[in-house]
Amino acid sequence: ILNVEQSPQSLHVQEGDSTNFTCSFPSSNFYALHWYRWETAKSPEALFVMTLNGDEKKKGRISATLNTKEGYSYLYIKGSQPEDSATYLCAFWMDSSYKLIFGSGTRLLVRP
Amino acid sequence: DVKVTQSSRYLVKRTGEKVFLECVQDMDHENMFWYRQDPGLGLRLIYFSYDVKMKEKGDIPEGYSVSREKKERFSLILESASTNQTSMYLCASSLGGQGGYTFGSGTRLTVV
């Protein structure tokens, strides 16, 4: 059974704090690693698709890094804002597969 | 604006009813997926399809079937709804492993 683990499960921070979460995935048969943001009452929205070891991606105040050899990815949010409050999902795509395997997410709450 | 559209946002059905959840995408994507999301369990794959009339079981296919007669439409069928199928159901589509998923807004199904 392939497992994708995310930590922490939930996180409460103050507005302006920077924060980061971890996604761990199998280091063999790697094809791609996805990050999604899922706000309440909305659809999950793709943030990043990462494919190469050492990849770093950035979108505004959010960035992500990827280490395929050791099987982890970090998502960073700089200067958190209340609108960043959401569940952040990572998902692993195994080589020769048609599907993503999702972690259970990190739920972020940013207090004003 | 590209979209994945799920036919109902909220549904209430009785135990034993046959339930159809419809999903339509307008992006000409080959791959379509049905997930359910339950608290603490993340997104679990029920079925997916990588081509018209093709379907593959996901991790939790029991009690469900699917239909993909046209590329843009992927239907999830609960043959005889049970209370343990009360959940949030999400449909998604993708072009391939290195492209992000596009999700529908979800159907919250309650079986009473």
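The values are calculated or read from the model by the stated rules, or taken from the named source; none is laboratory data. Because the structure is predicted, anything quoted here is derived from the model rather than measured. We place every Cβ from the backbone using ideal geometry, glycine too, and count neighbours over all the protein chains shown.
Summary of values
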item	result
Complete set of residues in segment B:80-112 that are part of a loop (DSSP other than H, G, I, E, B) and farther than 20 Å from residue A:94 by Cα	B:80, B:81, B:82, B:86, B:104, B:105, B:106, B:112
Enumeration of residues in segment A:26-45 that are under 19 Å from residue B:94 (Cβ atoms) and not aromatic (Phe, Trp, Tyr)	A:29, A:32, A:33, A:34, A:37, A:42, A:43, A:44, A:45
Condition check for residue B:83: at pLDDT below 95 and more than 7 Å from chain A (Cβ to nearest Cβ)	no
Yes/no for residue B:46 being among the β-branched types (Val, Ile, Thr), surrounded by 14 or more Cβ atoms within 10 Å (Cβ to Cβ) and within 14 Å of another protein chain (Cβ to nearest Cβ)	yes
Which numbered condition residue B:34 fails, given (1) in a strand (DSSP E or B); (2) more than 12 Å from chain A (Cβ to nearest Cβ)	(2)
Members of segment B:50-59 that are more than 9 Å from chain A (Cβ to nearest Cβ) and touching an Asp or Glu at 6+ places or on another chain (Cβ under 9 Å)	B:51, B:52, B:53
Some residue of segment A:96-104 being in contact with a strand residue (DSSP E or B) (Cβ under 7 Å, 6 or more places away or on another chain) and at pLDDT 95 or above	no
Residue that is farthest from residue B:30 (Cα to Cα), among those in segment A:87-112 that are surrounded by fewer than 23 Cβ atoms within 10 Å (Cβ to Cβ) and more than 10 Å from chain B (Cβ to nearest Cβ)	A:112
Out of A:28, A:73, sole residue that is more than 14 Å from chain B (Cβ to nearest Cβ), out of contact with any helix residue (DSSP H, G or I) (no Cβ under 6 Å at 6 or more places or on another chain), over 24 Å from residue A:112 (Cα atoms) and buried (at least 18 other Cβ atoms within 10 Å of the Cβ)	A:73
The lone exception for residue B:77 - which of (1) crowded, with 18+ Cβ neighbours inside 10 Å; (2) more than 13 Å from chain A (Cβ to nearest Cβ); (3) aliphatic (A, V, I, L, M); (4) in a strand (DSSP E or B) it fails	(1)
